[in-house]
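First comes the structure, then the notes that go with it.
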Amino acid sequence: MARILYFDCFSGASGDMILGALVDAGLPVDALRSTLATLGVGAVTVVADRVTRRGVSATQVRFVDGAGRDVGEEHHHRGLDDIRRLIEAAPLASRVRDTSIALFTRLAEAEAAVHDTTPDRVHFHEVGALDSILDIVGATFAIDWFRAHRVVVSSMNLGRGLVTCAHGTFPVPAPATARLVAGAPVYSSGPDGELLTPTGALLLTGHASAFGPIPPMRIERIGYGAGSRDPGDVPNVLRVFVGEDAEDRQEHQVTVIECEIDDMNPQVYGVVMDQLLEAGALDVYFTPVQMKKNRPGVLISVIGPPSRQDDLVATLFRETTTIGVRYHVVRRECLERERVTVDTRFGPVRMKLARRHGRVVNAMPEFDDCAEVARAHGVAVREVQADATRAYLEAGRAREDR
């Protein structure tokens, strides 16, 4: 069964609200403490308190130093390289480490665009503070701990009015937050003030595989994470639903971005594909088309997460000669995937399995494995492919006989 995390952002989100909601939903505080202790940032303790926000019981997560003071009071202006070195030096799981670094890199790109500079010259202010680093690494660990197949995020409430940050007073959303939520559904409601912080926007859009209403799911747990403020009549909490896909299928939203080109050097297309994939595209393909003035051209089609739409569009404008793109959100269903290894006459070969409703509907040998084994033994690739398929089927029959 496919596990789902659904974040209900009716009162926005922040890093501590995300952590609080996931702890409230079952993440062990000790596991979070142990992971964050590996960052080597001194005597920092994770505190999880039960609080009430407008009658709703929730968990508030704080980080305190050895003297019991909130570490949020420290505002060291770190650069991207400083934070990258801090994370790389910690013995984190590779998924947590790589995702955390990717999130800070994306934040640096957003800040650089706002301030007309380069990511390596950005010095984070509020998000460079120690509590924000702990929020981002901790929330990334927490989401990974649940082993969710899908992370779905509701429309995000930005708040309204003005917000004061290191660079001055700005209308909500703050400039970096506005860039981070590009391509994602947002709205403005409630009392004056910022509801969606840059850290909250970064974490939710960076982890989301889809946006929208709650998907069909069997709910197992509900967690509430509290923010530090308690304004207005709406509880300042983030709600997370943890459960299983009610339809037992991998269905989510993706953005399809397209443009046609008839005036670009064909040698450039390979570079364009590489750059789009690095920018977060799930797939890129080219189709020959006939364009105006009877010119042959190429249709570039890009499929990616809605949260990466702005980056993918920017890449197309930067790397190609197009002067316009179109995009739309579609739903897609993906089969659950698994890899198993079978023993062939020539050595071990991995098989790619695809399941729907728990049933294997496709099994294919990994081509790269087959090609490598074929070269090593001086046989045809198709011979290794056939032997791997036969070994997989025989193993399946042996399991049935038992």
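The values are calculated or read from the model by the stated rules, or taken from the named source; none is laboratory data. Keep in mind that what you see is a predicted model, and the values were worked out from it rather than measured. Neighbour counts are summed over all protein chains in view; Cβ atoms, including those assigned to glycine, are modelled from backbone coordinates with ideal geometry.
Here Ala48 passes the criteria (1) crowded, with 16+ Cβ neighbours inside 10 Å; (2) outside any strand (DSSP E or B); (3) touching a strand residue (DSSP E or B) at 6+ places or on another chain (Cβ under 7 Å) except the one numbered (2).
For region 234-262, the tally of residues that are at pLDDT 95 or above, in contact with a Phe, Trp or Tyr (Cβ under 8 Å, 6 or more places away or on another chain) and not assigned by TED's automatic domain parsing to the domain that holds Asn157 stands at 3.
For the residues Ala182, Ala148, Ala178, the requirement of being part of a helix (DSSP H, G or I) and of a type outside the set (Lys, Arg) singles out Ala178. Of the helices (runs of 4 or more DSSP H) lying entirely inside region 291-402, those containing at least 2 residues that are within 21 Å of Gln253 (Cα to Cα) are 309-319. Among the residues making up region 176-190, a single one is touching a residue at least 40 places away in the same chain (Cβ under 8 Å), under 14 Å from Leu203 (Cα atoms) and touching a strand residue (DSSP E or B) at 6+ places or on another chain (Cβ under 8 Å): Ala184.
Is one or more of the residues making up region 198-217 outside any loop (DSSP other than H, G, I, E, B), over 17 Å from the mean Cα position of the chain (by Cα) and either at pLDDT 85 or above or within 22 Å of Asp144 (Cβ to Cβ) (or both)?
As a first pass, look at region 198-217 and keep what is outside any loop (DSSP other than H, G, I, E, B): 198-207, 210-211, 217.
Checking which are over 17 Å from the mean Cα position of the chain (by Cα) leaves us with 217.
Among the residues that remain, those that are also either at pLDDT 85 or above or within 22 Å of Asp144 (Cβ to Cβ) (or both) are: 217.
Yes, that holds for at least one residue.
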